[in-house]
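Visitor: Structure provided below as structure tokens; questions to follow.
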Amino acid sequence: FLDEITDVSLQTQAKLLRVLQEHELERLGSNRTLRVDVRIVAATNKDLTREIAEGRFREDLYYRLNVMSIKIPPLREREGDLELLANFFLRKYSSDLGKKVTRIDPAALRLLESHSWPGNIRELENAVERAIIMAETDAITPRDLHLPVTRKPEEDTGSVVRIPPGGIQWEEVEKDLILQALNMGGWVQ
């Protein structure tokens with residue numbers, strides 16, 4: 001797996017292309033040629049056609065690697081995945097850190113869902129890990145989340161109030177507004 005393939009130098013791209021075409025390589029410091037049979041999975045968040053046009057990525061390597069292309073939208077466009085991923089990271093890091101944090105409070109989940117995630121899944125992973133470290137109970141609460149103030153593009157047009165089908169409970173609205181204000185102010189009261 002080659003992550004961020006566009007960050008590979010042109011010289012290294014040429015060497016990689018040779019390995020893929022010839023199915024051969026030589027280890028550093030060796031003069032013996034080894035036969036290889038490999039499958040490569042490469043990832044990037046850049047537009048490869050633009051990188052090729054601007055001379056930063058080899059066109060021949062692009063065609064060699066681009067047998068099958070899978071485009072995965074950023075986390076901010078896959079809201080249904082956020083809760084699943086957050087809970088996956090919750091289980092992983094609770095175990096790794098030896099903490100008994102077992103759930104995400106609904107208000108904290110709403111806060112996670114309101115964030116635009118410019119750092120994508122890596123940012124979510126770090127946010128959940130940090131929240132587990134900060135958690136004082138068995139649940140991640142909004143207080144445990146220290147997200148930078150960002151907004152989803154569709155929320156930049158002003159305040160929007162959505163009334164759920166079951167109506168509104170004033171206590172929940174008040175709690176959400178207080179949490180949003182605290183988050184926007186970096187939890188400075």
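The values are calculated or read from the model by the stated rules, or taken from the named source; none is laboratory data. The structure displayed is predicted, hence computed values, not measured ones. Here the Cβ is made from the backbone with ideal geometry for all residues, glycine too, and neighbour counts use every protein chain on show. Just the protein is used for accessible areas: all its heavy atoms, side chains included, with ligands, DNA and RNA removed. Shrake-Rupley method; radii C 1.70, N 1.55, O 1.52, S 1.80 Å.
Visitor: Taking R0 as 30 Å, what's the FRET efficiency between residue 39 and residue 87 from their Cβ-Cβ distance, rounded to 0.05? It would help to have the intermediate numbers written out before the result.
Guide: Details: r = 31 Å, r/R0 = 1.03.
According to the calculation, E is roughly 0.45.
Visitor: Ordering 133, 70, 40, 5 from largest to smallest accessible area (1.4 angstrom probe), what's the sequence?
Guide: Details: 133 95, 70 130, 40 60, 5 5 Å².
Correct descending sequence by accessible area is 70, 133, 40, 5.
Visitor: Describe numerically, in nm with one decimal, the distance between label points set 7 Å from Cα along Cα→Cβ at residue 171 and at residue 26.
Guide: According to this spin-label approximation, the distance is 7.5 nm.
Visitor: What FRET efficiency comes out for residue 19 versus residue 138 if R0 is 41 angstrom and r is the Cβ-Cβ distance? Round to the nearest 0.05. Let's see the in-between values first.
Guide: Values: r = 50 Å, r/R0 = 1.22.
The pair residue 19/residue 138 has a calculated efficiency of 0.25.
Visitor: If you stretched the chain out fully between residue 49 and residue 113, how much longer would it get, using 0.36 nm times the residue separation minus the C-alpha to C-alpha distance?
Guide: Values: separation 64, 0.36 × 64 = 23.04 nm, distance 3.22 nm.
Stretched out fully, the residue 49 to residue 113 stretch lengthens by 19.8 nm.
Visitor: Which whole-percent values make up P(r) of region 31-141 when all C-alpha to C-alpha distances are grouped in 5 Å steps starting at zero?
Guide: 2, 10, 17, 14, 11, 10, 10, 9, 8, 5, 2, 1, 0
Visitor: Mind checking which of 85, 115, 68 is farthest towards the positive end of region 1-133's charge dipole, using Cβ charges of +1 (Lys, Arg) and -1 (Asp, Glu) about the Cα centre?
Guide: Of the listed residues, the answer is 85.
Visitor: If you average over every viewing direction, what projected area does the convex hull of the Cα atoms of region 1-82 give, in nm²?
Guide: On the way: hull surface 27.8 nm².
Approximately 7.0 nm², given one-decimal rounding.
Visitor: Same structure again: Counting pairs of Cα atoms in the chain, how many percent are more than 30 Å apart? Don't jump to the answer; show the numbers that get you there.
Guide: On the way: 7762 of 17766 pairs.
Considering the chain, 44 percent of its Cα-Cα pairs are separated by more than 30 Å.
Visitor: Report, in whole Å, the centroid distance computed from the Cα atoms of region 1-52 and region 86-101.
Guide: 35
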